[in-house]
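The block underneath contains the structure these notes are about, expressed in structure tokens.
The values are calculated or read from the model by the stated rules, or taken from the named source; none is laboratory data. Keep in mind that this is a model prediction, so the values were computed, not measured. No Cβ is skipped: glycine too gets one built from the backbone with ideal geometry, and neighbour counts run over all protein chains shown.
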Amino acid sequence: MITAAVQEREHYLNESYGLKSWLLTKDHKRIALLYLFTITLFFAVGGVFATVIRIELITPSGNFVSSETYNKMFTMHGIVMIFFFLIPSIPAVLGNFFLPIMIGARDLAFPKINLLSWYLLVAGGLFAIFAMLAGGVDTGWTFYVPYSTGYSNTWVIATAIGIFIAGFSSILTGLNFIITVHTMRAPGMTWFRMPLFVWSQYATALIQVLGTPVLAVTIVLVFCERFFHIGIFDPALGGDPVLFQHLFWFYSHPAVYIMILPAMGVISELISTFSRKRVFGYEFVAFSSLAIAILGFLVWGHHLFVSTQSIYAGMIFSFLSYFVAIPSAIKVFNWTATLYKGSISYETPMLYAFGFIGLFTIGGLTGLFLACLGFDVHVTDTYFVVAHFHYIMVGGAIMGYLGGLHFWWPKMTGRMYPEGWAKLSALIIFLGFNLTFFPQFILGYLGMPRRYHTYPAEFQVLHVLSSAGASVLAVGYLLPFIYLMWSLKYGQIAGANPWGATGLEWQTASPPPKHNFEKTPIVTHEAYDYSAVIGSEVEVG
Amino acid sequence: MTQHVDSVKTYAAVFIALIILTVVTTAVAFVDLGPFSVVAALLIACGKMLLVALFFMHVRHSTRLTRLVLVGAVLWLGILIAFTLSDVFSRGWLGVPGR
Amino acid sequence: MADFAHAESLAVREQFDTAEQQKDASTLGMWIFLITEIMFFGGMFLAYTVYRAEYSYAFAVASSSMNVYFGAFNTVVLLCSSFTMVMAVRSAQLGLRKGTVVYLFLTLILGLAFLGVKVFEWSEKFREHHIPGMAGFHLDGVPPDQQGQAQLFFSLYFAMTGLHALHMIVGAGIVITLMYFAWKGKYTAEYMTPVDIGGLYWHFVDIIWIFLFPLLYLIDRHLGRYIL
């Protein structure tokens with residue numbers, strides 16, 4: 001209907017052209033696309049490492065790669081996926097693009113810093129890639145001392161510098177979001193009218209700002225110890241390797257919430273939009289994000305249960321870890337209650353949302369097993385743990401990311417993705433994921449340790465199942481890559497509000513103009529007020 | 001834009017107080033206070049920090065939000081240190097090596 | 001009002017509606033950045049606390065080997081620089097261009113003086129072989145089985161003061177930039193946010209030193225093990 005108008009109209013994608021207009025852009029929407037491109041690349045790299053791991057594990061003997069190579073593979077898989085894909089994924093792509101629009105702002109508070117943080121991610125990524133090409137790193141993504149500082153003969157320093165730099169990218173993104181939410185809201189956009197995605201991004205930003213510097217200083221200390229040979233954690237001098245673990249997990253446990261909280265925000269948007277209802281218990285869901293951010297800082301010691309951490313501290317950390325279940329459960333129950341008597345439709349983003357709820361619940365509940373001091377000792381460093389965090393990070397965070405990407409794709413590009421293919425790939429991903437990781441729970445419970453490339457023959461069936469699932473999962477991830485690219489040229493033209501959603505981002509054109517809105521919107525409704533959505537839904541096909 | 005411009009006199013008074021506290025903390029370090037040496041040193045340092053923050057960094061004229069941010073920062077540093085020390089100090093209680 | 005509108009058109013970047021919004025965002029931005037700095041140094045303070053609690057004897061002896069007079073002198077130098085910095089901010093608030101430049105210059109000189117003293121102190125450590133990780137490391141007054149613990153102290157000493165000095169160097173760069181733009185007349189009584197937040201950073205680095213001085217130089221001085 002408005003095809004001609006969309007072609008003619010000036011928007012953020014066609015207001016200027018050329019490489020320079022992208023590499024020097026200060027537009028948060030273009031920077032979001034730069035991030036999208038970058039992290040997709042890193043996802044592919046991390047995927048290659050995962051592929052090698054799964055191929056190796058098809059047979060019980062180590063006949064595909066050597067032990068050294070295998071150590072490097074799981075290390076680099078972890079580093080790339082966590083620091084260069086998952087942590088920037090939703091905040092830096094979807095958050096960057098939509099946080100300002102959702103609160104009715106023209107841009108983030110500090111556009112130049114926003115661009116700088118992308119360059120920092122790229123610079124950090126280059127260090128990491130250099131390290132991988134030069135020979136890789138084999139310490140595990142956790143860099144535990146004293147192995148990383150004194151014994152490993154791999155590229156620890158280059159990788160550490162890469163993560164250090166990427167950390168600053170994360171800090172600056174978080175800082176930018178906090179300031180933007182505080183100072184850039186449109187008239188009438190009160191705190192309790194903000195979409196829940198913005199709340200979750202805000203909570204995430206708090207973790208990024210409070211936690212990441214501690215990782216940075218830990219890396220600096222490891223760097224000093226390895227490079228200048230001064231001992232900070234060196235047991236030979238009386239240093240304490242467990243202190244390293246405290247510092248590392250003070251960041252790295254909350255980092256899990258950097259990955260999952262934004263996904264939860266996306267799910268709140270999806271559930272509300274596709275069931276045509278206000279999110280049940282909006283305030284509780286909003287505050288549960290903050291509660292997760294805060295509680296997330298009080299539980300890091302549950303990663304140290306089998307270290308020399310005092311058993312008494314272990315008890316406290318175990319006890320506190322259970323509390324994270326409360327805000328998480330609030331979210332899951334409120335999403336479910338939102339669905340109740342809703343007018344539910346099953347578009348692709350909603351399929352991802354359903355996938356998220358199921359998989360996150362499994363991941364979360366097995367997290368409770370692991371929070372239990374006694375049980376954890378039994379399954380520490382087994383595939384049970386591997387399965388648990390993949391249910392959270394892949395089943396949770398990546399499902400949320402893909403759901404959000406599909407949901408907002410028409411707004412970002414002005415084109416619809418092909419619904420049929422998208423539904424198919426959502427289904428493939430769900431099945432492939434479960435086939436890959438559910439057997440790992442059983443493997444872990446039976447005693448298969450993580451980070452080994454050989455194993456007793458009786459584990460082979462489960463490992464083969466897992467590897468088969470991984471190849472299904474790979475197909476599921478390849479499909480969106482292909483059809484989303486395809487849709488850029490051939491997708492159906494999207495209207496301003498194809499889903500009949502309520503957020504401010506749907507009240508501007510698709511794709512949005514350079515400054516997001518023709519004139520600053522004035523907000524008079526709470527979020528998810530569907531009586532306020534004017535006009536009928538646009539056909540989706 | 002509301003700005004508070006403090007008088008030179010205020011700043012000078014704060015500055016002199018800071019110098020005096022520096023002299024005091026150095027002198028006190030040479031006196032045997034037992035375990036209270038650390039307490040005294042940290043109390044004086046906190047006092048100096050408060051003077052710099054409140055006056056030189058204008059926290060006393062700042063918004064509630066800025067103060068919240070500061071309290072939050074101190075609290076989080078407290079969490080990091082207190083929880084880690086809870087481990088370090090209780091490690092020996094069981095009397096079992098490695099526990 | 002005309003003046004205000006002028007100031008706004010002069011300095012408000014396109015993403016902001018008003019000059020006040022811009023100032024609020026910049027100031028809050030600096031505070032949040034300082035939080036990250038607190039957590040950054042916090043990790044080192046934690047390491048220090050843990051080791052000092054465990055190895056109090058070696059730490060006391062090692063701390064007593066520091067030259068307390070240099071440390072105290074440097075503290076005074078840094079406090080002076082904080083005073084000149086706050087005077088620079090005040091001058092900028094009042095729109096006094098020359099005063100701003102002069103006070104910023106004094107701040108810079110004092111900051112460089114601090115770094116100069118620091119470099120001298122570090123070189124002294126090299127002469128005394130109090131360098132962690134070096135083959136000839138030896139600290140008098142510490143039994144052989146505690147030499148490692150003394151090394152831990154010096155590792156933390158160098159890491160903490162080194163990181164602090166790095167922040168001072170960045171601060172000096174900021175002060176030079178501010179000086180240049182103040183000289184050019186970019187700042188007015190209405191628009192002096194950069195000077196303001198530059199000042200916040202400088203004072204913050206000062207506060208870090210306020211804690212480093214007693215923690216590194218003043219442990220159990222009264223025991224007099226290593227009086228200079």
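Count, please, the residues in the stretch A:418-438 that happen to be surrounded by fewer than 23 Cβ atoms within 10 Å (Cβ to Cβ) and in contact (Cβ under 8 Å) with a residue 12 or more places away in the chain.
Of the stretch A:418-438, the ones surrounded by fewer than 23 Cβ atoms within 10 Å (Cβ to Cβ) are A:418-421, A:423-424, A:427-428, A:430-432, A:434-435, A:438.
Now drop any that are not in contact (Cβ under 8 Å) with a residue 12 or more places away in the chain, which leaves A:418-419, A:421, A:423-424, A:427-428, A:430-432, A:434-435, A:438.
Number of matching residues: 13.
Here's a check for you: in the stretch A:311-336, which residue that is within 14 Å of chain B (Cβ to nearest Cβ) and surrounded by 22 or more Cβ atoms within 10 Å (Cβ to Cβ) is farthest from the chain's Cα centre (by Cα)?
Checking each candidate, the answer is A:A313.
Results for (1) of a type in the set (F, W, Y); (2) within 30 Å of A:L427 (Cβ to Cβ); (3) without any contact (Cβ under 8 Å) to a residue 12 or more places away in the chain, shown as yes or no for each residue.
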{"position": "A:F280", "(1), (2), (3)": "yes, yes, no"}
{"position": "A:S289", "(1), (2), (3)": "no, yes, no"}
{"position": "A:G296", "(1), (2), (3)": "no, no, no"}
{"position": "A:V299", "(1), (2), (3)": "no, no, no"}
{"position": "A:F319", "(1), (2), (3)": "yes, no, yes"}
{"position": "A:F323", "(1), (2), (3)": "yes, no, no"}
{"position": "A:A337", "(1), (2), (3)": "no, yes, no"}
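Looking at (1) touching a strand residue (DSSP E or B) at 6+ places or on another chain (Cβ under 9 Å); (2) surrounded by fewer than 22 Cβ atoms within 10 Å (Cβ to Cβ); (3) on the phi < 0 side of the Ramachandran plot, can you tell me which one A:I442 breaks?
So the condition that A:I442 fails would be (1).
Within the stretch A:163-200, can you find the residues that are more than 13 Å from chain C (Cβ to nearest Cβ), in a helix (DSSP H, G or I) and over 21 Å from the mean Cα position of the chain (by Cα)?
If the condition is that a residue be more than 13 Å from chain C (Cβ to nearest Cβ), in a helix (DSSP H, G or I) and over 21 Å from the mean Cα position of the chain (by Cα), then A:W191, A:F192, A:R193 are the ones that fit.
List the pairs whose first member sits in the stretch C:158-177 and is more than 14 Å from chain A (Cβ to nearest Cβ), whose second member is small (G, A, S) and assigned to a helix (DSSP H, G or I), and whose Cβ atoms are under 6 Å apart, counting only residues at least 6 apart or on separate chains?
Short answer, once both residue conditions are applied: C:M168/C:G111; C:A172/C:G111; C:I174/C:G198.
Quick one: count up the residues across the stretch B:12-55 that are modelled with pLDDT under 90 and aromatic (F, W, Y).
Within the stretch B:12-55, residues that are modelled with pLDDT under 90 and aromatic (F, W, Y) number 2.
Could you check the stretch A:291-330 and list, in sequence order, the residues that are farther than 18 Å from A:L247 by Cα and either touching a Pro at 6+ places or on another chain (Cβ under 6 Å) or assigned to a loop (DSSP other than H, G, I, E, B) (or both)?
Selection gives A:A291, A:I292, A:V324.
Please specify each residue of the stretch C:136-157 satisfying the condition of being facing chain A (nearest Cβ under 10 Å) and among the small types (G, A, S).
Listed by number, the residues that qualify are C:G148, C:A150, C:S155.
Every residue, every condition in (1) farther than 21 Å from A:G432 by Cβ; (2) hydroxyl-bearing (S, T, Y); (3) part of a helix (DSSP H, G or I), yes or no:
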position	(1), (2), (3)
A:S345	yes, yes, no
A:F354	no, no, yes
A:A387	no, no, yes
A:Y391	no, yes, yes
A:G395	no, no, yes
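Identify the single condition in (1) in a helix (DSSP H, G or I); (2) surrounded by 21 or more Cβ atoms within 10 Å (Cβ to Cβ) that C:Q22 does not satisfy, given that it satisfies every other one.
(2)
Considering only residues that are part of a helix (DSSP H, G or I), at the interface with chain C (Cβ under 7 Å from one of its Cβ atoms) and surrounded by fewer than 19 Cβ atoms within 10 Å (Cβ to Cβ), which ones fall in the stretch A:216-243?
Applying the first criterion (part of a helix (DSSP H, G or I)) to the stretch A:216-243 yields A:216-227, A:235-237, A:241-243.
Applying the additional criterion that residues be at the interface with chain C (Cβ under 7 Å from one of its Cβ atoms) yields A:216-218, A:221, A:224, A:236-237, A:243.
Of everything in the stretch A:216-243, just one residue is part of a helix (DSSP H, G or I), at the interface with chain C (Cβ under 7 Å from one of its Cβ atoms) and surrounded by fewer than 19 Cβ atoms within 10 Å (Cβ to Cβ), namely A:A236.
Could you tell me which numbered condition A:Y417 fails, if it satisfies all but one of (1) of a type outside the set (A, V, I, L, M); (2) at pLDDT 95 or above; (3) part of a helix (DSSP H, G or I)?
It fails just one condition, (3).
Could you list, in sequence order, all residues of the stretch A:374-417 that are in contact with a strand residue (DSSP E or B) (Cβ under 9 Å, 6 or more places away or on another chain), within 30 Å of A:E10 (Cα to Cα) and surrounded by fewer than 22 Cβ atoms within 10 Å (Cβ to Cβ)?
Residue satisfying the conditions is A:R415 alone.
Can you tell me which residues in the stretch A:448-465 are hydrophobic (A, V, I, L, M, F, W, C) and either touching a residue at least 40 places away in the same chain (Cβ under 8 Å) or in a loop (DSSP other than H, G, I, E, B) (or both)?
Taking the stretch A:448-465 and keeping what is hydrophobic (A, V, I, L, M, F, W, C), we get A:448, A:457, A:459, A:461-462, A:464-465.
Within the stretch A:448-465, A:M448, A:A457, A:F459, A:V464 qualify.
Kindly check whether there is at least one residue in the stretch C:164-185 that is outside any helix (DSSP H, G or I) and at negative phi. If you could, list the steps in order and put the result at the bottom.
Step one: of the stretch C:164-185, the residues outside any helix (DSSP H, G or I) are C:184-185.
Retained after the next criterion (residues that are at negative phi): C:184.
Yes, the stretch C:164-185 contains a residue that is outside any helix (DSSP H, G or I) and at negative phi.
What helices (runs of 4 or more DSSP H) lie completely within the stretch A:1-120 and have 3 or more residues being farther than 25 Å from A:A263 by Cβ?
Working: elements: A:3-8, A:19-23, A:28-56, A:67-79, A:96-102.
Hits in the stretch A:1-120: A:3-8, A:19-23, A:28-56, A:67-79.
Look at A:V137 and say whether it is aliphatic (A, V, I, L, M) and farther than 17 Å from A:A44 by Cα. Reasoning before the result, please.
On the way: aliphatic (A, V, I, L, M): yes; farther than 17 Å from A:A44 by Cα: yes.
For A:V137, the condition - aliphatic (A, V, I, L, M) and farther than 17 Å from A:A44 by Cα - is met.
The conditions are (1) crowded, with 17+ Cβ neighbours inside 10 Å; (2) out of contact with any Lys or Arg (no Cβ under 9 Å at 6 or more places or on another chain), and C:Y187 fails exactly one of them. Which is it?
In the conditions (1) crowded, with 17+ Cβ neighbours inside 10 Å; (2) out of contact with any Lys or Arg (no Cβ under 9 Å at 6 or more places or on another chain), C:Y187 misses (2) alone.
Yes/no per residue for (1) within 11 Å of chain A (Cβ to nearest Cβ); (2) touching a residue at least 12 places away in the same chain (Cβ under 8 Å):
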| position | (1), (2) |
| --- | --- |
| B:I19 | no, no |
| B:G34 | no, no |
| B:A40 | no, yes |
| B:T63 | yes, no |
| B:A73 | yes, no |
| B:V88 | yes, no |
| B:W93 | yes, no |
| B:V96 | yes, no |
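Taking the stretch C:39-57, which residues are more than 8 Å from chain A (Cβ to nearest Cβ) and either acidic (D, E) or surrounded by 19 or more Cβ atoms within 10 Å (Cβ to Cβ) (or both)?
As a first pass, look at the stretch C:39-57 and keep what is more than 8 Å from chain A (Cβ to nearest Cβ): C:45, C:48-49, C:52-53, C:56-57.
Answer for the stretch C:39-57, where residues must be more than 8 Å from chain A (Cβ to nearest Cβ) and either acidic (D, E) or surrounded by 19 or more Cβ atoms within 10 Å (Cβ to Cβ) (or both): C:F45, C:Y48, C:R52.
Out of all the residues in the stretch C:87-104, is one or more surrounded by 19 or more Cβ atoms within 10 Å (Cβ to Cβ) and under 30 Å from A:F244 (Cβ atoms)?
Checking the stretch C:87-104: not a single residue is surrounded by 19 or more Cβ atoms within 10 Å (Cβ to Cβ) and under 30 Å from A:F244 (Cβ atoms).
Identify the single condition in (1) at pLDDT below 95; (2) more than 14 Å from chain B (Cβ to nearest Cβ) that A:V266 does not satisfy, given that it satisfies every other one.
Of everything listed in (1) at pLDDT below 95; (2) more than 14 Å from chain B (Cβ to nearest Cβ), A:V266 misses just condition (1).
Scanning for something touching a Ser or Thr at 6+ places or on another chain (Cβ under 8 Å), closer than 21 Å to B:V5 by Cα, more than 14 Å from chain A (Cβ to nearest Cβ) and crowded, with 16+ Cβ neighbours inside 10 Å, does the stretch C:105-114 turn up at least one residue?
Within the stretch C:105-114 (the criterion being touching a Ser or Thr at 6+ places or on another chain (Cβ under 8 Å), closer than 21 Å to B:V5 by Cα, more than 14 Å from chain A (Cβ to nearest Cβ) and crowded, with 16+ Cβ neighbours inside 10 Å), the answer is yes, since at least one residue qualifies.
Name the pairs whose Cβ atoms lie under 8 Å apart, with the first residue in the stretch C:60-84 and more than 10 Å from every other protein chain (Cβ to nearest Cβ), the second among the small types (G, A, S) and surrounded by 23 or more Cβ atoms within 10 Å (Cβ to Cβ), and 6 or more positions between them or separate chains?
Note: pairs meeting the criteria are C:V61/C:A150; C:A62/C:A150; C:S81/C:G111.
Checking the condition over 30 Å from C:F16 (Cβ atoms) and either modelled with pLDDT under 95 or crowded, with 24+ Cβ neighbours inside 10 Å (or both), which residue from A:F85, A:F98 passes?
Of the residues listed, the single one that is over 30 Å from C:F16 (Cβ atoms) and either modelled with pLDDT under 95 or crowded, with 24+ Cβ neighbours inside 10 Å (or both) is A:F85.
Kindly check whether there is at least one residue in the stretch B:7-17 that is at the interface with chain C (Cβ under 8 Å from one of its Cβ atoms) and within 15 Å of the chain's Cα centre (by Cα).
No, the conditions are met nowhere in the stretch B:7-17.
Counting just the residues of the stretch B:21-32 that are touching a residue at least 12 places away in the same chain (Cβ under 8 Å) and out of contact with any Ser or Thr (no Cβ under 6 Å at 6 or more places or on another chain), which one comes out farthest from the other protein chains (Cβ to nearest Cβ)? I'd like the intermediate steps shown before the answer.
First, pick out the residues of the stretch B:21-32 that are touching a residue at least 12 places away in the same chain (Cβ under 8 Å): B:21-22, B:24-25, B:28-29.
After this cut, where a residue has to be out of contact with any Ser or Thr (no Cβ under 6 Å at 6 or more places or on another chain) as well, the list is B:21, B:24-25, B:28-29.
Values: B:L21: 9, B:V24: 11, B:T25: 6, B:V28: 8, B:A29: 4 Å.
Only one residue fits best here, namely B:V24.
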